[in-house]
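In what follows, a structure is listed as structure tokens, so that the remarks can point back to it.
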Amino acid sequence: MQSYMSIGEVAKIRNIDVQSLRYYEKLGILIPAYVNSENGYRYYSLEQIMVLDTIILCIDLGIPLKKLKEYVDDSGQLEFERLPKDGRKLAEEKIKKINSGISSIDRTLRHINAQKAFQGREGFYTRYIFERYMINTPCEERLDAKTYEKNLSYLFNVAKENGLHASFPHGIISTYIDGKYQHSKMFVETSPGDSTKIQALSVGNYLCFQELREAHSDPTAVFPREAFDEKQVDIIVTSMSPNTYKYNQVVMEFQLLV
């Protein structure tokens, strides 16, 4: 048995646990060269160390082990050149997702910092709001808490399916024409991207006021009547970013582009 190594020896020289080797065997990607029929002890040949190194490389590259068989050619040899190439593609995709996630976090922090100066304001005030991107779904003008959270979960799933990072700000946009209500859509802010589902919100100065979510006044009764002289007006009702979150004390900010 000098040409073979026990499962314990292989695990030790490559600094992995025995259970990992048993898992690779279960997947069919590293079958012991010899199994003692009397005691079930497993042994590996010296040549199989290279196969094990390839498996470890796959793990480092992020290639799923279940896909390793796809890299075996008709002669049974591993196509080593394809592994690092595909590993690089996976790494680039991960970097792209990480950078997108960081951008989303930065936008959320920027949003929170921008709102700090306005938290707790009473009455009307004007503030400049930077670029925002959103995905949305049609909804009623007013939603009960259960429906609101259900829609919010749906939008977060849509963002995930489209490779977008949804951030904290969310709310409802209602459209009025000649002062009469037309329709509403619930939205959640996301990272920018190529998806056709993304819409940009207008940048500029907004006339704003704050209210607890449970109150939710009719915008046409709150904003000055002359604000609705425009043929079409969009009222945004969005969540303020709190320092601490209490479900029954969510403050919403009403926003009207001026």
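The values are calculated or read from the model by the stated rules, or taken from the named source; none is laboratory data. Fair warning: this is a prediction, and the values are worked out from it, not measured in the lab. A quick note on method: Cβ atoms are made from the backbone with ideal geometry, for glycine too, and the neighbour counts reach across all protein chains shown. Heavy atoms of the whole protein, side chains included, go into the accessibility calculation; ligands, DNA and RNA do not. Shrake-Rupley method; radii C 1.70, N 1.55, O 1.52, S 1.80 Å.
Examine the stretch 223-230 for a residue that is modelled with pLDDT under 80 and within 24 Å of residue 116 (Cβ to Cβ), and state whether such a residue exists. Within the stretch 223-230, none of the residues are modelled with pLDDT under 80 and within 24 Å of residue 116 (Cβ to Cβ). Taking the criterion of being closer than 28 Å to residue 153 by Cβ, open to solvent by less than 50 Å² (accessible area, probe 1.4 Å) and in contact with a helix residue (DSSP H, G or I) (Cβ under 6 Å, 6 or more places away or on another chain), would at least one residue in the stretch 190-210 satisfy it? Yes: one or more hits. The set of residues from the stretch 40-69 being within 27 Å of the chain's Cα centre (by Cα), aliphatic (A, V, I, L, M) and assigned to a loop (DSSP other than H, G, I, E, B) comprises just one member, 63.
Based on what the data block shows, is residue 154 assigned to a strand (DSSP E or B) and either hydroxyl-bearing (Ser, Thr, Tyr) or open to solvent by 60 Å² or more (accessible area, probe 1.4 Å) (or both)? No, not satisfied. Taking the stretch 157-189 as the range and being among the charged types (D, E, K, R) and open to solvent by 20 Å² or more (accessible area, probe 1.4 Å) as the test, the residues that pass are 160, 161, 178, 180, 185.
Scanning the stretch 152-172 for residues that are out of contact with any helix residue (DSSP H, G or I) (no Cβ under 7 Å at 6 or more places or on another chain), touching a residue at least 12 places away in the same chain (Cβ under 8 Å) and hydroxyl-bearing (Ser, Thr, Tyr) yields one hit, 154.
Just checking, how many residues over the stretch 64-119 are of a type in the set (Asp, Glu), at pLDDT 80 or above and surrounded by fewer than 11 Cβ atoms within 10 Å (Cβ to Cβ)? I'd like the intermediate steps shown before the answer.
Filtering the stretch 64-119 down to residues of a type in the set (Asp, Glu) leaves 70, 73-74, 79, 81, 86, 92-93, 106.
Going one step further and asking which of them are at pLDDT 80 or above, we end up with 86, 92-93, 106.
From the residues that got through so far, the ones that are surrounded by fewer than 11 Cβ atoms within 10 Å (Cβ to Cβ) too are 92.
Going through the stretch 64-119 one residue at a time, the tally reaches 1.
Give me the pairs: first residue in the stretch 196-212 and acidic (Asp, Glu), second residue open to solvent by 40 Å² or more (accessible area, probe 1.4 Å) and modelled with pLDDT under 95, beta-carbon distance under 8 Å, and six or more apart or on different chains, which are they? Short answer, once both residue conditions are applied: 211/251.
Looking only at strands (runs of 3 or more DSSP E) that fall completely inside the stretch 167-216, which ones have 1 or more residues that are modelled with pLDDT under 90 and of a type in the set (Lys, Arg)? First the steps, then the outcome.
Values: elements: 180-190, 199-201, 204-212.
In the stretch 167-216, 180-190 are the strands (runs of 3 or more DSSP E) which contain 1 or more residues that are modelled with pLDDT under 90 and of a type in the set (Lys, Arg).
Condition first: at pLDDT below 85 and within 13 Å of residue 168 (Cβ to Cβ). Now tell me which residues in the stretch 231-243 satisfy that. Steps first, answer last, please.
So in the stretch 231-243, the residues at pLDDT below 85 come out as 231, 239-243.
Across the stretch 231-243, the qualifying residues are 239, 240, 241, 242, 243.
Residues of the stretch 1-39 that are assigned to a strand (DSSP E or B) and open to solvent by less than 40 Å² (accessible area, probe 1.4 Å): 5, 6.
Among the residues of the stretch 133-146, those identified as open to solvent by 60 Å² or more (accessible area, probe 1.4 Å) and touching a residue at least 40 places away in the same chain (Cβ under 8 Å) are 133, 138, 140, 142.
In the list 149, 230, which residue meets the criterion of being closer than 24 Å to residue 125 by Cα, among the charged types (D, E, K, R), open to solvent by 20 Å² or more (accessible area, probe 1.4 Å) and free of Cβ contacts under 8 Å to residues at least 40 places away in the same chain?
Numbers: 149 fails: closer than 24 Å to residue 125 by Cα.
None of the other options fit; the residue is 230.
Here the stretch 120-132 is the region considered, the condition is being open to solvent by 90 Å² or more (accessible area, probe 1.4 Å) and either assigned to a loop (DSSP other than H, G, I, E, B) or out of contact with any strand residue (DSSP E or B) (no Cβ under 7 Å at 6 or more places or on another chain) (or both), and the residue that is modelled with the highest pLDDT is 124.
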